[in-house]
Amino acid sequence: MNNILLCAIVVSLALPGTAIAQKAATTKETSKGKVTQPVKEIGVVETNLGTFEIELYREDAPKTVDNFVKLAEKKFFDGVRVHRVVPGFVIQTGDEKSRDLKKTGEWGTGGQSIYGKPFSDELNPATLSYKAGYKKGVAAMANAGPNTNTSQFFVMLEDNPRMPKNYTIFGKVTKGIETVEKIGKVEIIATRSPGDGRPKDDVVLKKVTIRKEPITPAAGK
């Protein structure tokens, strides 16, 4: 299988910007029956270098977010390594092969999805995340070409307005960006080019969990 990559066009603008407010919904029982409660979904990524949180964009990328959430609930990401760091560009993870130190040469070629096969891109030019593009802190799917999404994803280390919009954006880091920055500065062992490789010292996703926060309607609405 080809390595699951993204093109390394590195054009940096330092400001991280803000997340795009989106919501999902959950149903709960009350004395008045079932009530649908809008919620914000947060992916909490705990690593050996710290924790960061990704606000998930279910409205823009429902299939991708569902995949991420259900893989996290199955503990798929727990123990997976950050297998790629490109300073000033991205950190990349989500390959189950990276659990095995005997398979370092295969890191970046794995990946699974809840659908049992690679799934389609969600690249809708009408969505706010697509329009905003690849800003610092954005979480998007790595792929091996169109419609080959599985479990590998990357987080942007800087804004990159020239990056082709070929990678489904499914969220953005809203807390712990300093952890992402720390990971982006680790010493690497070059695997693809002098500035593109795997961390010399392990960076491990200890645990990925999903937190749902109720959204309270604004007063008067």
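What follows draws every value from the coordinates through simple rules; no lab data is involved. None of the values given here were measured: they were computed from a predicted structure. Neighbour counts are summed over all protein chains in view; Cβ atoms, including those assigned to glycine, are modelled from backbone coordinates with ideal geometry.
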With a Cα-only, solvent-free Debye model of the range 37-214, what are the log10 I(q)/I(0) values at q = 0.11 Å⁻¹?
-0.41
Using only the C-alpha atoms of the range 118-168, find the volume of their convex hull and express it per residue in Å³.
72
Going through LYS172/LYS206; LYS102/LYS136; LYS97/LYS117 one by one, the pairs whose alpha carbons sit over 23 Å apart turn out to be LYS102/LYS136
Estimated FRET transfer efficiency when R0 is 45 angstrom, pair ALA126-LYS102 (beta carbons, to 0.05)
0.50
Between THR216 and ASN166, how high is the FRET efficiency from 1/(1 + (r/R0)^6) when r is the Cβ-Cβ distance and R₀ = 41 Å? Nearest 0.05.
0.65
So how far apart, in nm, are the two label points at ASP201 and THR51 if each is 7 Å from Cα heading toward Cβ?
2.2
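Using a 10 Å cut-off around each Cβ, can you sort ARG211, ARG192 from fewest to most neighbouring Cβ atoms? The partial results should precede the final answer.
Details: ARG211 11, ARG192 14.
The order, fewest Cβ neighbours first, is ARG211, ARG192.
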Report the label-to-label distance for ILE189 and TYR115 in nanometres (one decimal), using points 7 Å from each Cα along the Cα→Cβ vector.
3.4
What aspartates and glutamates does LYS70 reach when the alpha-carbon gap must be under 19 Å and sequence neighbours fewer than 8 apart in one chain are set aside?
GLU41, GLU46, GLU53, GLU55, GLU59, ASP60, ASP78, ASP95, GLU96, ASP121, GLU122, GLU213
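If we count other beta carbons within 10 Å of each Cβ, what is the order of ASP201, ASP159, fewest first? Display every interim value, and only then the final one.
Numbers: ASP201 10, ASP159 21.
Arranged by neighbour count, lowest to highest, ASP201, ASP159 become ASP201, ASP159.
With +1 on each Lys and Arg Cβ and -1 on each Asp and Glu Cβ, how big is the dipole of the range 37-214 about its Cα centre, in debye rounded to the nearest 20? All intermediate terms of the calculation are to be shown ahead of the outcome.
On the way: 29 positive and 24 negative charges, 38 e Å.
I would put it at about 180 debye.
Order these by the 10 Å Cβ neighbour count, fewest first: SER193, SER129. Mind showing how you got there, number by number?
Working: SER193 9, SER129 25.
By the 10 Å Cβ count, ascending: SER193, SER129.
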If you take the charge dipole of the range 37-214 about its Cα centre, with +1 on Lys and Arg Cβ and -1 on Asp and Glu Cβ, which of VAL90, VAL204, ASN166 is farthest toward its positive end?
VAL204
